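> The structure's right below; bear with me while I get my questions together.
Each value in this text was obtained by applying a stated rule to the coordinates, not by laboratory testing. Everything numeric in this text was worked out from a predicted model, so none of it was measured. A quick note on method: Cβ atoms are made from the backbone with ideal geometry, for glycine too, and the neighbour counts reach across all protein chains shown.
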Amino acid sequence: MNFQQRSTNISEPRINDRIRVPEVRLVGPNGEQVGIVRVEDALRLAAEADLDLVEVAPMAKPPVAKLMDFGKFKYEAALKAREARKNQVNTVIKEIKLRPKIDPHDYGTKKGHVERFLRGGDKVKVTIMFRGREQSRPELGFRLLQRLAEDVLELGTVESAPKQDGRNMIMVLAPTKKKSEAMAEQRRARTSAAPAGAEADAAPEAVEATPVAEAPAVAADQA
């Protein structure tokens, strides 16, 4: 019970007759300092102004209370919180897998995926998969990753240099633009008379972001 009461006090301030102190440092509705007054007088002023008395600094001595429309305050705070959640940017790592002896056409296709991911503000984990005797030629994978990094230099930079991981070689590319900037550009593009279905190709690759510093890698294409 004490825990529940303490949680309520933390999540929502005490208002009106829930303020159980003899006096408060009163702040007017426009931020003006009224001074230290008895809580009964503060409640009377709140009633006369058709406002609420809200304890805004309970740990002060005496506590600070403000005259305000608490319902309006809660509504505006909820709007701000909703807007902050909507604008929250989460990092997603997409994954592209290549073979060390990939043919030019497939390389162009995979490079196009990497460019699209970077343009969208996502990181890309590029994995070279070695099979059989290919494992004795790690330089093939290194050169391929180096080539890819150079080809997408305008859109991303190497965040994690190529390194061997068992039968695979891995490199991570980071976008040059922040995720928020990329999202803003995409919104502007959608509202500037773009042809219908221009973004259809991107839809199958879309991955829901998870609220962590770096989400698990998501395979976008299989070799």
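> Using a Förster distance of 30 angstrom, determine the FRET efficiency expected from the C-beta separation of residue 86 and residue 189, and round it to 0.05.
Efficiency for this residue pair is about 0.95.
> Compute the length gained on full extension between residue 12 and residue 133: take 0.36 nm times their separation in residues and subtract their Cα-Cα distance, giving the result in nm to one decimal.
Full-extension gain reported as 37.0 nm.
> Less than 20 Å apart at the alpha-carbon level, and either on another chain or at least 8 residues along: which aspartates and glutamates does that give for residue 72?
Cα-Cα hits under 20 Å: 12, 17, 32, 48, 50, 52, 55, 83.
> Excluding residue 104 itself, calculate the net charge of residues whose Cβ lies under 14 Å from the Cβ of residue 104, where each Lys or Arg counts +1 and each Asp or Glu counts -1.
On the way: positive: 99, 101, 110, 111, 147; negative: 103, 106, 151.
Counting the neighbours of residue 104, the net charge comes to +2.
> When the Karplus curve 6.51 cos²θ - 1.76 cosθ + 1.60 is applied with θ = phi - 60°, which whole-Hz ³J(HN,Hα) does each residue of segment 75-84 get, with x for Gly and Pro?
Result, rounded to whole Hz: 5, 5, 5, 5, 4, 5, 5, 5, 5, 5.
> Another question, if that's okay. Can you compute the modelled spin-label distance between residue 107 and residue 178, with each label point 7 Å from Cα toward Cβ, in nm?
3.6
> In the neighborhood of residue 42, defined by Cβ-to-Cβ distances under 15 Å, what is the net charge if each Lys or Arg adds +1 and each Asp or Glu adds -1?
Once all neighbours under 15 Å are counted, the net charge is -2.
> Can you give me the distance in nm between label points at residue 147 and residue 30, each placed 7 Å from the Cα along the Cα-to-Cβ direction?
7.2
> Okay, next question. So what's Rg/Rh here for segment 2-69, counting alpha carbon atoms and using the Kirkwood radius for Rh?
Numbers: Rg = 11.6 Å, Rh = 11.9 Å.
So for segment 2-69, dividing Rg by the Kirkwood Rh gives 0.97.
> Give the long-range amide H neighbours of residue 93: residues separated by 5 or more places, or on another chain, with amide H under 5 Å away, using H modelled in the peptide plane at 1.01 Å from N.
Answer set, sorted by chain and number: 215, 218.
> Please compute the length gained on full extension between residue 154 and residue 79, using 0.36 nm multiplied by the number of residues separating them and subtracting their Cα-Cα distance.
23.2 nm
> Give 101/177; 80/125; 86/110; 86/177; 80/177 a once-over and call out the pairs whose C-alpha atoms are over 24 Å from each other. Present the calculation step by step, with values, prior to reporting the outcome.
Numbers: 101/177 31 Å; 80/125 35 Å; 86/110 31 Å; 86/177 19 Å; 80/177 26 Å.
Result: 101/177; 80/125; 86/110; 80/177 exceed 24 Å.
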